[in-house]
Amino acid sequence: MDLHLVDIIISLLTLTAMEIVLGIDNIVFLSIVVGKLPKEQQASGRTIGLLAALGFRIGLLFTVSWLASLTNGLFQVGNFTVTGRDLIMLGGGLFLIAKSTSEIHHKMEEGETDLDTGSSPSFFNVIVQVIILDIIFSVDSIITAVGLSGNLMVMVLAVIISLVIMLIFSGKVSDFINEHPTMKILALSFLIMIGVMLFADGLHFHIPKGYIYFSMAFSLLVEFINMRVRKANQSP
């Protein structure tokens, strides 16, 4: 096999895997927000949200020169140089922290039953929230993709494949999170942690994502064990 073709295939597989991993937080947020819609609107909400993410990411790939300019300094605060990317990360981090904290507060103060009987948010409002996060996560993932590969078509293919895979599994992930209240709180806690990571990144304080993903995986493992123990205790 041609070595150039092998390099392209390896690059495609690597980028696709990276896009899927970076898209996990997007799926979690999508599941939480879309889960507040009426049942019959949730599937279309997830589809529109992920298609919006696909559109933003492909669009950003075709504006690589503008994307590169996001890392240029806009102004200085003392010795700190603020870039366009910094502003996006700071704003996105604050949005995630505020939104997730608000959701946890509602669940603790009002309870799951009260929330379910309350008025549902409008479909438009939910889609706007999803699009805001799509923009933030798209900028971060595409900047990473551009750094890993210079082949535009490979990057576009990786984005399309990863979004199709996420679209296939988003329904199952969303149903699982919404059917288990403790898992929902854990997912919201993950989003707060991701928001803190984005905000720190905007301040040029880099937290390795491996630490974040390891802590998420460990917390999920503990919660799965708790679910099994609760199920065993409820069995006659």
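Each reported figure results from applying straightforward, stated rules to the coordinates on display, with no laboratory input. It should be emphasised that the depicted structure is a prediction, and the values quoted were computed from it without experimental measurement. Here the Cβ is made from the backbone with ideal geometry for all residues, glycine too, and neighbour counts use every protein chain on show.
Here the Karplus relation 6.51 cos²θ - 1.76 cosθ + 1.60, evaluated at θ = phi - 60°, turns the backbone of the range 133-139 into coupling constants of 5, 4, 4, 5, 5, 5, 4 Hz, with x for every Gly and Pro. Restriction of the chymotrypsin sites (Phe, Trp or Tyr not before Pro) in the range 156-236 to DSSP coil positions whose beta-carbon has at most 13 other beta-carbons within 10 angstrom yields Phe205. Computed 3J(HN,Hα) for the range 73-81, one whole-Hz value per residue from the Karplus formula 6.51 cos²θ - 1.76 cosθ + 1.60 where θ = phi - 60°, is x, 9, 7, 10, 10, x, 8, 9, 8, glycine and proline marked x. Between amide H atoms placed 1.01 Å from N, distances below 5 Å from Thr83 occur with Leu74, all of them 5 or more places distant or on a separate chain. Around the amide H of Leu203, modelled in the peptide plane, lies no amide H under 5 Å away from a residue 5 or more places distant or on another chain.
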